[in-house]
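Structure provided below as structure tokens; questions to follow.
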Amino acid sequence: MGKALDGVRILDFTHVQSGPTCTQLLAWFGADVIKVERAGAGDITREQLRDIPDADSLYFTMLNHNKRSVTIDTKNPEGKLVLEALIQKCDVLVENFAPGALDRMGFTWERIQELNPKMIVASVKGFGPGPYEDCKVYENVAQCVGGAASTTGFDDGPPVVTGAQIGDSGTGLHLALGIVTALYQRTMTGRGQKVLAAMQDGVLNLCRVKLRDQQRLERTGVMKEYPQYPNGTFGEAVPRAGNASGGGQPGWILKCKGWEHDPNAYIYFITQAPVWVKICNVIGKEEWATDPEYATPTARLPRLKEIFAEIERWTMTKTKFEAMEILNKYDIPCGPILSMKEIAEDDSLRKTGTIVEVDHPVRGKYLTVGNPIKLSDSPTDVTRSPLLGEHTDEVMAELGYSREQIEALRTVGAI
Ligand code: CAO
């Protein structure tokens with residue numbers, strides 16, 4: 001079966017996490033992704049957080065599947081010519097260098113357009129145009145400036161960053177959407193364009209509901225579904241809401257059997273209004289179903305702490321999986337807190353290709369997260385990440401270089 005992006009060639013000038021997640025997705029959808037790396041060194045993550053000496057790290061391998069790797073010194077005049085040939089041959093250039101790095105290399109938007117007017121140039125940057133546009137940015141910085149950290153954690157503690165890489169992988173995902181959209185527009189205009197995904201913007205997009213709450217707070221001075229209500233105080237900005245649900249369905253994380261020893265023996269429990277009577281029956285508080293102090297969502301809001309404490313008395317008598325099984329029978333929304341170990345061992349995630357085992361010639365077998373987006377006509381086959389420069393000769397030959405020319409470029413350090 002063909003792939004959705006068959007025939008699309010990507011010049012992948014990305015490194016670390018944000019850019020590579022974007023081009024990995026495009027590769028999974030069938031694009032030919034040619035990763036250009038610094039000769040002799042490669043993407044810095046190849047050697048970061050190594051668990052096996054001299055083998056590409058999991059950090060690198062898990063972000064660079066299904067790509068080809070060529071090494072080019074793009075500051076070498078002859079290396080620049082190779083890059084120019086690649087620009088002429090590709091549809092999209094994706095980069096996430098520090099602001100200005102591509103220009104300093106001599107590849108301004110204007111120069112790229114001269115070489116290939118159909119080229120789409122897609123960039124991840126920390127910030128969009130403005131006072132911080134020249135700043136370098138990493139994941140947690142993006143979480144802090146995009147509104148995630150100030151709204152995550154507990155009210156009596158400091159801001160907290162999340163384990164989900166919403167700044168890096170989240171922005172990579174935004175950029176991938178921008179790229180396929182620009183490719184679609186190109187089918188009508190015949191022109192390339194610039195695509196920018198700023199990490200601050202990507203995080204803020206994912207924190208949209210918190211900007212909603214900021215405005216609700218300014219209008220009413222209180223947000224009744226937040227744990228600060230009814231006894232705490234609200235300040236001027238959206239407070240950290242602990243484990244409260246984001247919307248109008250109150251939820252909280254509750255202890256389950258074994259919580260004293262297992263840091264993940266917890267379940268997320270949502271007191272969804274339509275199943276309130278079932279919740280009362282399951283936890284043995286049948287009287288709450290008709291008691292006017294508990295029977296309606298509005299009546300429950302000031303009592304959520306007490307209600308969750310009562311539900312927890314029930315969840316603590318079950319393991320998180322037992323609780324999940326019982327609650328699911330009644331359509332009560334809930335979810336066990338799964339550890340990474342449990343996720344890695346989950347059969348259903350392996351069956352769907354969301355967790356995949358990959359073999360690598362140097363490091364051997366390892367687990368990775370496969371394509372989370374499933375297309376019925378474009379299935380994903382996850383293949384291992386390339387070794388540094390593994391495809392340099394192959395790609396150079398495709399660009400029309402002879403064996404002698406390739407050797408000569410290698411001798412001068414251009415590739
Ligand atoms: N040949 C020769 N030189 C190369 C090259 C190649 N193949 N590939 C890259 N380089 C050079 C660039 O030309 C640039 O040199 P100059 O600084 O002299 O212009 C340099 O390598 C690129 O460096 P950088 O500044 O991008 O890298 P850094 O490690 O200092 O910074 C990062 C890393 C991530 C902070 C920065 O790239 C950045 O802010 N990127 C945008 C935001 C982003 O994606 N952040 C997420 C990173 S993942 O957490």
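Just to be sure I understand, how many residues within region 43-63 are buried (at least 18 other Cβ atoms within 10 Å of the Cβ), touching a Ser or Thr at 6+ places or on another chain (Cβ under 7 Å) and not polar (S, T, N, Q)?
6
For residues that are touching a Lys or Arg at 6+ places or on another chain (Cβ under 9 Å) and outside any helix (DSSP H, G or I), scanning just region 263-281, find the one that is surrounded by the fewest Cβ atoms within 10 Å (Cβ to Cβ).
Among those that are touching a Lys or Arg at 6+ places or on another chain (Cβ under 9 Å) and outside any helix (DSSP H, G or I), it is Asn264.
For Ala41, state whether it is hydrophobic (A, V, I, L, M, F, W, C) and within 21 Å of Glu398 (Cβ to Cβ).
no
So, in region 282-302, exactly how many residues are open to solvent by 60 Å² or more (accessible area, probe 1.4 Å) and either within 19 Å of Trp252 (Cβ to Cβ) or in a loop (DSSP other than H, G, I, E, B) (or both)?
6
Would you kindly identify the strands (runs of 3 or more DSSP E) lying entirely within region 1-99 that contain at least 2 residues that are within 23 Å of Val356 (Cβ to Cβ)? So that I can check it myself, show each step before the final result.
Numbers: elements: 9-13, 32-37, 67-71, 92-95.
So the answer is 9-13, 32-37, 67-71.
Follow-up. Restricting region 164-200 to residues that are under 18 Å from Phe97 (Cβ atoms) and among the charged types (D, E, K, R), which is least open to solvent (accessible area, probe 1.4 Å)?
So the residue we want is Asp168.
For region 125-136, does any single residue satisfy the condition of being away from the ligand (no atom under 16 Å from the Cβ), of a type in the set (D, E, K, R) and at pLDDT below 95? Write out each step before concluding.
Our first condition is that a residue be away from the ligand (no atom under 16 Å from the Cβ); within region 125-136, this holds for none.
No - not one qualifying residue is present in region 125-136.
Related question: Just checking, which of Tyr268, Tyr366 is of a type in the set (Phe, Trp, Tyr) and more than 21 Å from Glu225 (Cβ to Cβ)?
Criteria check complete, one pass: Tyr366.
Right, here's the next one. Between Ser169, Ser57, which is over 24 Å from Gly7 (Cβ atoms) and either away from the ligand (no atom under 11 Å from the Cβ) or not small (Gly, Ala, Ser) (or both)? Full working, then the answer.
Working: Ser169 fails: either away from the ligand (no atom under 11 Å from the Cβ) or not small (Gly, Ala, Ser) (or both).
Checking each option against the conditions leaves just Ser57.
Looking at (1) among the charged types (D, E, K, R); (2) farther than 17 Å from Val124 by Cβ; (3) away from the ligand (no atom under 11 Å from the Cβ), which one does Lys67 not meet, given that it meets all the others?
Every listed condition holds for Lys67 apart from (2).
I need a count of the residues in region 75-109 that are surrounded by fewer than 20 Cβ atoms within 10 Å (Cβ to Cβ) and closer than 19 Å to Thr45 by Cα.
Here the count works out to 3.
Give the number of residues within region 345-359 that are open to solvent by less than 90 Å² (accessible area, probe 1.4 Å) and either charged (D, E, K, R) or assigned to a helix (DSSP H, G or I) (or both).
Within region 345-359, the subset open to solvent by less than 90 Å² (accessible area, probe 1.4 Å) is 346, 348-349, 352-356, 358-359.
Among the residues that remain, those that are also either charged (D, E, K, R) or assigned to a helix (DSSP H, G or I) (or both) are: 346, 348-349, 359.
The qualifying residues number 4.
The values are calculated or read from the model by the stated rules, or taken from the named source; none is laboratory data. From a predicted model like this one, the values you see are computed outputs, not experimental measurements. Glycine gets a Cβ as well: all are built from the backbone with ideal geometry, and neighbour counts include every protein chain shown. For the accessible areas, the whole protein counts, side chains as well, though only heavy atoms, and no ligand, DNA or RNA atoms are used. Shrake-Rupley method; radii C 1.70, N 1.55, O 1.52, S 1.80 Å.
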